[in-house]
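Readers should treat all values here as calculations from the given coordinates under stated rules, not as data from a laboratory. For clarity, every value in this text was computed on a predicted model and none was experimentally measured. Virtual Cβ from ideal backbone geometry, glycine too; neighbours counted across all protein chains shown.
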Amino acid sequence: MSHPAKASEFLQDAAKAKWHDETLWFVRDKRDTISKTIPEWEELRELASQIKDNVLANLYEYLVQFEEKATANGIQVHWAKDAEEHNQIVLSILQKHQCKAIVKSKSILTEECHLNPFLENSGVEVVDTDLGERIVQFLNQPPSHIVLPAIHLKKRDISELFHEKLHTEKGNEDPAYLTHAARLHLREKFLGAKVAITGVNFGVAETGEFVVCTNEGNADMGVHLADVHIACMGIEKIIPRRKDLGVFLRLLARSATGQPITNYNSHFRSPAQGKEIHIVLVDNGRTDQLAREKFKNSLKCIRCGACMNTCPIYRRSGGYSYGSVVPGPIGSILSPGLDLKKHSSLPFASTLCGSCTDVCPVKINIHEQLYEWRQEITKAQGTNAKSISMKIANGIFAVPFAYKITGAMMRGALKILPDSITYSGLNTWGKQRDLPETPKETFKDWYKKNRS
Amino acid sequence: MSGRENILAKIKAIPRESRLLPEIPAFEFPMDHKVAFMLSIQANKGEVITESELKDFIAINRFEKILNLAKGMESLSTQPLPSDAHELNELEVAIIQGQFGVAENGAIWLTDENLGLRALPFITEHLVIVLEEKSLVSNMHEAYQRIGDQPSGFGLFIAGPSKTADIEQSLVIGAHGAKSLRVVLR
Amino acid sequence: MIQNKNIALFIPCYVDQFYPNVAIATLELLEKLGCQVSYPIGQTCCGQPMANTGYERDTVGTTKHFVEIFGDYDYIVAPSGSCVLHIKDHAPAIAGMEKEQESLHNKIFELTEFLTDVLKVENLKGSFPHKVGYHASCHGQRGLRLGSSSERNEPFFSKAKQLLDQIEGLEWVELTRTDECCGFGGTFAVTEEALSVQMGKDRLQDHLTHGVEILTGGDMSCIMHLEGIAKRNQQTLKFMHIAEILNQAIS
């Protein structure tokens, strides 16, 4: 299903859709409020953007430096060119330690690599330990938001789920009660796991350390109790210097949830005595994106999710409407680079309102890239395309003003398109909207009569 | 070709432009450090308390499993640091010495040297961090200046208790880690 | 002196076709403010609908035509942020016309910014005793920066408010979501019909909740969409382009 179909499905439950919109707006509002307490906010965004530009221009050197430092610190560094290699590397570490059950904290990268089903097929039990991620894992769903994985669910849904899975009281929907039940359940898992997997927020080239940020403390609970810590990191997560963390940690949580900093910000530099740390550096399409001049700076993303919270489309269509691992505006400029055909409707799931660009803490020009992807998609589909570009072309003529557009280009397009397509869209406009009344004369006619 | 060579070769093949790494200026912080720090901790759902309030907290709750690693609070300890962190699962209170605090967000810097075991501040039911008032810095830029090239194997900013809002965005304290954070500012 | 300048009126194609009164109001308003304005008859669509749909490359013809039609004027003014933004940001570069295009980009203005930044209008005399809600079109708001963006940490400004505040009796109504998109989005209005309408309904509700009598804005495309939904649902809001309000108030 394309984005429009899934979006209209989401809107069917009007009350829930309204709640979803208002809840995420509330998060954006908190972000607005806290960002306005920092006089240098816009300067910080500019700094973060410049640091990331520097990273993308010197990625080779920084990766090599990071590897060298990390290795010297006793961390084992692995490289994976794609999802398959990444998954194999993780599995081989687990096999070496004869590990059949792991705990994993939030990592969008492992979602992208579909690590969970891969490991489960290899007989490894994977427990996602972020509360929201555990909830969606119970439901066999992916996260619907990169920071708030279960934002599409209501507490009633979670109460029923926990009653079934964790034997909580039937009908008890108290979030504190449900969270406590998950705490007890996951505490057992933490205590039993020999290997813990985490994502990475930032890798520091200068020191070879990496930083993981959580509010729940689940990443740390996992890794400090396990013997082996595997950190999965996209190659774009590198930053040059330790002091750059000052800029990014000031922006990240404020942009994500409107809090001044995440409650736990762990800097891993070398393993504790008798333990192991592995880092898997993953490409999986990132170098391809880096080679695309117009789209490379999408790699500056620090995964705060602010563009989702602010997006009027995301708020009213939900994460699943995008059908991509990373939903929302940033996902819509990353995903076409991974699979243009599959994600061809995403760059069109936007009004190009530009709110995502203005909210982005690293100043990615998201809405401009959405525009550019549209140009690429129509090129890739050619003139005989039957899929999305046709629907879009249909749309052009359906907007009531547009079909009257004059000029050679429109006449050209009109020749290609059959009448049924050209005019059927008018019905779509008129389904829930009145058409403007047709005036007795155009401005051009009026002007000729009155001014010339 | 190995993953490493493959990735590095692909990056090398991409034409690049020079983009300078910016210097990070020192940003002024208008508030009194102590006032700002206390407000930050409260906002993060922690508490700033005195030493005698800490003693009351322990007495009122009749805590028996207490592990202290902070200077000058040795008498509060009821157990030594075990060699395996799993043995801390029943721990009620951990008292740790913080290195410095950050006024703008309440974050407190700790490293291996303060933690004994890295799991300690997470696995304990209640966390107490002892902090010298004169150690407060203004913001994260000053914080990293202060950390400098400190070579610790593990470093950590803690700014509050374990929390989540994953169920309908309702804030719940005590997700997996410590259910409370108390900071003894002295 | 503005009196000696040749000013061209750029009227978006759909305004020409469906909203001639908005174009007339723009023309009359500029004339009242002492401008010499002419409307180049040969103008056509600027190409925005095609470009935003992914066919920017097919708008070379319209862009060339636009430069030829408007290139010689001192200023080009349009009652639309969206079309002006298209000319500035998305009209493709035409080989051999780079200079003309660059100069064009510096002399094309959306109506309110022309009034505040070029004419420096500070003392409009007129009355319009109504509660007015302003819909900031995204292309004007974040594209042309006609107002401070709610996402950014910057001092408040709004070129529209700067003008409307000069009108006696006009009450500017504060909204809850000051600059959220209305959901028009060009072809988005049809390809994502359900979402588009929901976004429009939510915008209308914000204005209604705050007691707005007349909803205004700088882009008729947003207003066409919002008015279409309001009419269908028998909502009593009135809709006017900001040029119509200003022109009516100072007459």
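Structure summary
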{"read-out": "Cα-based shape type of the range A:1-133, given that a ≥ b ≥ c are square roots of the gyration tensor eigenvalues and the cut on a/c is 1.5", "value": "oblate"}
{"read-out": "For chain A, Cys with no neighbouring Cys Cβ under 4.7 Å", "value": "A:99, A:113, A:213, A:232, A:301, A:304, A:311, A:360"}
{"read-out": "Net dipole in debye of the range B:26-185 [+1 Lys, Arg Cβ; -1 Asp, Glu Cβ; about Cα centre; nearest 20]", "value": "120"}
{"read-out": "DSSP-assigned coil residues among chymotrypsin sites (Phe, Trp or Tyr not before Pro) in the range A:55-104, each with at most 10 further Cβ atoms within 10 Å", "value": "none"}
{"read-out": "Order of C:18, B:37 - criterion: other Cβ atoms within 10 Å of each residue's Cβ, fewest first", "value": "C:18, B:37"}
{"read-out": "Loop trypsin sites (Lys or Arg not before Pro), the range A:165-239, which have at most 11 other Cβ atoms in a 10 Å radius of their Cβ (DSSP)", "value": "A:170"}
{"read-out": "Spin-label model distance (nm) - residue C:6 vs residue B:134, 7 Å beyond Cα toward Cβ", "value": "7.7"}
{"read-out": "Calculated over chain A: convex hull of Cα atoms, volume per residue (Å³)", "value": "181"}
{"read-out": "For the range C:131-249, diffusion coefficient by Stokes-Einstein and Kirkwood Rh (Cα), 10 °C, 1.306 mPa s, µm²/s", "value": "110"}
{"read-out": "Packing-based exposure ordering (other Cβ within 10 Å, fewest first) of B:74, C:56", "value": "B:74, C:56"}
{"read-out": "Alpha-carbon centroid distance for the pair the range B:116-186 / the range B:1-60, whole angstrom", "value": "11"}
{"read-out": "Beta bridges by DSSP in the range A:39-284, antiparallel share as percent, to the nearest 5", "value": "20"}
{"read-out": "Cα pair distances exceeding 21 angstrom across the range A:39-284, given as percent", "value": "59"}
{"read-out": "Chain C: most fluctuating residue of C:77, C:190, C:173 per GNM, C-alpha cutoff 10 Å", "value": "C:190"}
{"read-out": "Inter-label distance, nm, simple model (7 Å from Cα along the C-beta direction), residue B:65/residue A:172", "value": "2.2"}
{"read-out": "Fraction of antiparallel bridges per DSSP, the protein assembly as shown only, in percent to nearest 5", "value": "25"}
{"read-out": "Cα-based shape type of chain B, given that a ≥ b ≥ c are square roots of the gyration tensor eigenvalues and the cut on a/c is 1.5", "value": "prolate"}
{"read-out": "Distance histogram for the range A:1-73 (every C-alpha pair counted, 10 angstrom bins, percent rounded to whole numbers)", "value": "15, 20, 19, 28, 15, 2"}
{"read-out": "Cα shape, chain C, gyration tensor, a/c 1.5 rule", "value": "oblate"}
{"read-out": "Between the range A:9-50 and the range A:239-312, the Cα center-to-center distance that results, in Å", "value": "18"}
{"read-out": "Dipole magnitude of the range B:1-110 about its Cα centre (Cβ charges: Lys, Arg +1; Asp, Glu -1), debye to nearest 20", "value": "680"}
{"read-out": "DSSP-assigned coil residues among GluC sites (Glu not before Pro) in the range C:162-195, each with at most 10 further Cβ atoms within 10 Å", "value": "C:174"}
{"read-out": "Stretch gain in nm, segment residue A:114-residue A:140, where the contour uses 0.36 nm per residue and the Cα spacing is subtracted", "value": "8.1 nm"}
{"read-out": "Dimensionless Rg/Rh of the range C:2-118 - Kirkwood Rh, Rg from C-alpha atoms", "value": "0.95"}
{"read-out": "Debye equation applied to the C-alpha atoms of the protein assembly as shown, log10 I(q)/I(0) at 0.07, 0.09 Å⁻¹", "value": "-0.60, -0.94"}
{"read-out": "Residue A:84/residue C:172 FRET efficiency (R0 51 Å; Cβ-Cβ; nearest 0.05)", "value": "0.30"}
{"read-out": "Pairs beyond 26 Å (Cα-Cα), from A:18/A:52; A:52/A:189; C:32/C:159; A:165/A:275; B:65/B:163", "value": "A:18/A:52; A:52/A:189; A:165/A:275"}
{"read-out": "Beta bridges by DSSP in the range B:83-186, antiparallel share as percent, to the nearest 5", "value": "40"}
{"read-out": "For the range C:154-213 and the range A:160-194, distance of Cα centres in Å", "value": "44"}
{"read-out": "Gaussian network model of chain C, Cα within-10 Å springs - most flexible of C:54, C:126, C:217", "value": "C:54"}
